[in-house]
Amino acid sequence: MRIVLMGPPGAGKGTQAARLVETFGMKHLSSGDIFRAEKASGSALGKKLADIMAAGALVPDDIVVEMMAKAIGAVDEASGLMLDGFPRTVAQAEALDATLKQNSTPLDAVVVITADDNEIVGRITGRRACGTCGKGFHVKFMPSAKGDVCDACDGALTQRDDDREEVVRQRLSAYKKQTEPVIAYYRASGAKVIEVNGSQSPDAVTADMVKALRSLGS
Ligand code: AP5
């Protein structure tokens, strides 16, 4: 199965991606995670990405397309693919189409998780992640069973640099201006677009997504 996972910041893409991988076993590629890994490497490119991300703006298309093409090229085609956070502009979607066409590996669906702005701000400002294993939490909605440390590995919980409210508002604005047109692009191109209500409990969102994805092709 090859799917694109879309939705505003904080809609629950990362949370649901981890669950879908458990159910369907496809390879999960998050553009945000790839850029944060580059940032952590301390490279010149990583420093440039860090500044852009901290401002809540989008990374330029040429950089995104090159990095994502490399990451997609390294995935075994038989394992399936879930793209999370990419494409985020129409130019990126066109570049992805060209790559998939070249590999004869079309998309099965585009899944869009919806959530409203105020809910998003509450979710993102409460988000924490384990600095050791990467497991995600929310201080209120999905707290660690061990309080301030990860309940899977005892690692310290950290907050992302771009999770301050003013940056979140900027990320939301970029989503509306630059990423919502990608949904229209996919609809116009005849792709299967599935909308899932992200304003439910995480388990209810997962159930809706699994049901919709299982029904593909039937
Ligand atoms: P990226 O890392 O992709 O961030 P994002 O899209 O803004 O999404 P988030 O990771 O913030 O949220 P999410 O939807 O994964 O939510 P989560 O599951 O964590 O991108 C970061 C930056 O990189 C961008 O701003 C940009 O600069 C750059 N970038 C990345 N890709 C790019 C591209 N293609 N082009 C250009 N630039 C790019 O959930 C959020 C919180 O809510 C968590 O704490 C979670 O526990 C909680 N939660 C989740 N679901 C629920 C629920 N149902 N109920 C209650 N709480 C919930």
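Points to keep in mind about this one:
- In segment 89-123, of all residues being β-branched (V, I, T) and in contact with a strand residue (DSSP E or B) (Cβ under 9 Å, 6 or more places away or on another chain), the one that is nearest to the ligand (Cβ to nearest atom) corresponds to I113.
- Cβ pairs under 8 Å, 6+ apart, first in segment 110-125 and closer than 16 Å to A17 by Cα, second assigned to a loop (DSSP other than H, G, I, E, B) and among the aromatic types (F, W, Y): none
- Of everything listed in (1) more than 9 Å from the ligand (Cβ to nearest atom); (2) of a type in the set (F, W, Y); (3) open to solvent by less than 20 Å² (accessible area, probe 1.4 Å), the single unmet condition for F24 is (3).
- When R171, R164 are checked against the criterion of being within 15 Å of the ligand (Cβ to nearest atom) and open to solvent by 50 Å² or more (accessible area, probe 1.4 Å), R164 stands alone in meeting it.
- Of all residues making up segment 70-88, the number that are away from the ligand (no atom under 12 Å from the Cβ) and over 15 Å from G25 (Cα atoms): 4
- Residue count for segment 99-126, restricted to those that are part of a helix (DSSP H, G or I), of a type in the set (S, T, Y) and open to solvent by 40 Å² or more (accessible area, probe 1.4 Å): 1.
- Within segment 8-21, the set of residues being over 10 Å from the mean Cα position of the chain (by Cα) and either within 19 Å of G56 (Cβ to Cβ) or away from the ligand (no atom under 11 Å from the Cβ) (or both) comprises L20, V21.
- Residues of segment 43-56 classified as open to solvent by 50 Å² or more (accessible area, probe 1.4 Å) and within 12 Å of the ligand (Cβ to nearest atom), total: 3
- Scanning segment 127-144 for residues that are open to solvent by 80 Å² or more (accessible area, probe 1.4 Å) and within 14 Å of the ligand (Cβ to nearest atom) yields K135, V139, K140, F141.
The values are calculated or read from the model by the stated rules, or taken from the named source; none is laboratory data. Just so we're clear, the structure is a prediction, and the values are computed from it rather than from any experiment. As a convention, Cβ positions derive from the backbone with ideal geometry for all residues, glycine included, and neighbour counts pool all protein chains shown. Keep in mind that these areas ignore ligands, DNA and RNA; they rest on the heavy atoms of the full protein, side chains included. Shrake-Rupley method; radii C 1.70, N 1.55, O 1.52, S 1.80 Å.
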